[in-house]
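Q: Can you keep this structure in mind? I'll have questions shortly.
Every number here is computed from the coordinates shown, using simple stated rules; none is lab data. This one's a predicted model, so the numbers in the text were calculated from it and none came from an experiment. As a convention, Cβ positions derive from the backbone with ideal geometry for all residues, glycine included, and neighbour counts pool all protein chains shown.
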Amino acid sequence: MSAPSSRDAAELYEHFKVLDQPEMYSESGCADIEGLVAEIGRLKEECDATILAHNYQRPEIFEVADVVGDSLELAKLGRDVSQSTIVLCGVHFMAETAKIMSPEKRVLIPDARAGCSLAESCDADDLVERRDELRQIYPDLKVVSYVNTTAAVKAVTDVCCTSSNALKVVDSIDSNNILFCPDRNLAAYVASNTDKNIIAWDGDCYVHQQIRPEELRKVRAIRPDIKIIVHPECRTDVIDEADAVLSTSGMINYAKSSDSDSFLVVTECGLSDRLMLEAPDKRFYKACQLCKYMKMITLEGTRDALLHGRDEIILSAEVCEAARGSIERMLELS
Ligand code: SF4
């Protein structure tokens, strides 16, 4: 998926004032960042770099990104890009995934503190211990891990998955018993749509976990015609209120092709910004929360990553190779 076409400051202003964005997206605020955007463009050329950005990033990051996408798209692109340096504007596990897929490339993240509550909820040693216990009961047990995990967890995983292909991966894997980690909400969603035995790891995304069904019901009561699109990292009682349960890229495709003109977007808030750019003729309402980790990535940090070559992702060859196997098996199955 390619980045949204570049818009001038006035046009960006027209888009983001609808979302009541802070002062940064005022006309003068957009004009202020034009110089930084141009500097990053020059540095990309000089450093033979490409910028991959996740859908939850700040709108101004979309302006400097070569590609914007969800975890699966970024995983594939990390493997295929020709540039020698990748700047990953997203959280740490995404930059690790780019390194896993392209170990010969230099992979930079503008702020190494940009972690993820979901990835941090699963430790590789704990996972191995739990897997070995469960294999005493279910000898055929396989581990399926969401891509929101560390490289060390991926290295002890049979097959990775994303929110868009989790069900397909689970249904395709040659085992009836699956330890699904780390997101218990995504595990519950998969379990309700498959005949396989899903044993959930007890992790969650702190952003999606905060969203409550009452908020959605209030909007539905006022706007019965609105389409409610929900990310599967949300709680089960939130998913029950959805018209469609979709990954971030699934939401974009759904909104663009739907006959409806208004949507309640139930995921991290950054996706609403992306949707505004992708489908400017439609209206997007937010029942969302901001991810503090995703918002650690800034234009200044992206410029400094290129300027100073930091923060570089370093992984051992052993972890890289084992983790790559679990991602490649996902790409084959999906
Ligand atoms: S939104 Fe949730 S899953 Fe995504 S990076 Fe933030 S904490 Fe992790």
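Q: Show that you can apply the helix-only estimate: for the chain, add -39,500 (n - 2.57) for every DSSP H stretch of four or more residues, divide by all residues, and state [θ] at 222 nm to the nearest 500. Let's see the in-between values first.
A: Numbers: 17 runs with 157 residues, N = 334.
After summing the helix terms and dividing by the residues of the chain, the value is -13500 deg cm²/dmol.
Q: Next up: Normalised radius of gyration for the stretch 118-205, please: alpha carbon Rg relative to 2.2 N^0.38 Å, two decimal places. Could the numbers behind the result be given before it?
A: On the way: Rg = 11.4 Å, N = 88, 2.2 N^0.38 = 12.1 Å.
Dividing the Cα radius of gyration by 2.2 N^0.38 Å gives 0.95.
Q: Moving on to the next point. Which peptide among 192-201, 79-88 comes first, and what is the full order, when sorted by highest mean count of other Cβ atoms within 10 Å?
A: Values: 192-201: 15.9, 79-88: 18.1.
Ranking the peptides 192-201, 79-88 by packing returns 79-88, 192-201.
Q: With contacts defined as alpha carbon pairs under 8 Å and 6 or more residues apart, what's the relative contact order of the chain in percent? Walk me through the intermediate numbers first.
A: Numbers: 658 pairs, mean separation 70.0, N = 334.
This gives 21 percent for the chain.
Q: Same structure, new question: Taking 0.36 nm per intervening residue step and subtracting the Cα-Cα distance, what contour gain separates Ser260 from Ser28 on full extension?
A: Details: separation 232, 0.36 × 232 = 83.52 nm, distance 3.35 nm.
Full extension from Ser260 to Ser28 adds 80.2 nm.
Q: Which of the helices in the chain meet the span-like rule: DSSP H, Cα axial reach of 27 Å or more, Kyte-Doolittle mean at least -1.0? Present the calculation step by step, with values, prior to reporting the outcome.
A: Working: long enough: 27-46 (29 Å, -0.23).
Counting only whole DSSP H runs, the qualifying helices are 27-46.
Q: Moving on to the next point. When a/c is below 1.5 the answer is rounded, else prolate if a/b is larger than b/c, else oblate, so apply that to the chain with a ≥ b ≥ c taken from the square roots of the Cα gyration tensor eigenvalues.
A: Working: a/c = 2.15, a/b = 1.18, b/c = 1.82.
Oblate, because a/c is 1.5 or more while a/b does not exceed b/c.
Q: With 21 Å as the limit, write out which pairs from Lys142/Lys196; Lys105/Lys154; Lys99/Lys142; Lys168/Lys295; Lys105/Lys168 have Cα-Cα distances beyond it, or answer none.
A: Flagged as over cut-off: Lys99/Lys142; Lys168/Lys295; Lys105/Lys168.
Q: Same structure again: Using the basic label-point model (7 angstrom from Cα toward the beta carbon), what is the Asn197 to Val67 distance in nanometres?
A: For the pair Asn197/Val67, the computed spacing is 3.9 nm.
Q: Expected output is a single nm value to one decimal: the length gained when fully extending between Asp140 and Leu290, i.e. 0.36 nm times separation in residues minus the C-alpha distance. What is it?
A: Working: separation 150, 0.36 × 150 = 54.00 nm, distance 3.93 nm.
Gain on extension, Asp140 to Leu290, equals 50.1 nm.
Q: Once you charge only the Cβ atoms, +1 for Lys and Arg and -1 for Asp and Glu, what is the size of the charge dipole of the chain about its Cα centre, to the nearest 20 debye?
A: Values: 37 positive and 58 negative charges, 96 e Å.
Dipole about the Cα centre, nearest 20: 460 debye.
Q: Now for a separate question. Report the convex hull volume per residue for the stretch 211-286, counting only C-alpha atoms, in Å³.
A: Details: hull volume 5.6 nm³, N = 76.
Convex hull of Cα atoms, per residue: 74 Å³.
Q: While we're on this one: In terms of Cα to Cα distance under 12 Å, which aspartates and glutamates are near enough to Lys286, apart from those fewer than 8 places away along the same chain?
A: Cross-link targets: Asp20, Glu215, Glu268, Asp273.
Q: Which ordering of Ser28, Ser272 is given by a fewest-first count of other beta-carbon atoms within 10 Å? Intermediate values should be presented prior to the final figure.
A: Numbers: Ser28 10, Ser272 21.
Placing the least packed residue first, the sequence is Ser28, Ser272.
Q: Using a basic spin-label model with each label point 7 Å from the Cα along Cα→Cβ, how many nm lie between Asp174 and Glu39?
A: The answer from the label model is 5.5 nm.
Q: Next question, about the same structure. Go through the cysteines of the chain and tell me which have no other cysteine Cβ under 4.7 Å away.
A: Cys30, Cys47, Cys89, Cys116, Cys122, Cys160, Cys161, Cys181, Cys205, Cys234, Cys291, Cys320
Q: By count of other Cβ within 10 Å, fewest leading, how are His231, His308, His208, His92 ordered?
A: Numbers: His231 28, His308 9, His208 25, His92 22.
Lowest count first: His308, His92, His208, His231.
Q: Could you put Tyr56, Tyr254, Tyr206, Tyr189 in order, starting from the residue whose Cβ has the fewest other Cβ atoms within 10 Å?
A: On the way: Tyr56 27, Tyr254 19, Tyr206 15, Tyr189 24.
Taking fewest neighbouring Cβ atoms as first place, the list is Tyr206, Tyr254, Tyr189, Tyr56.
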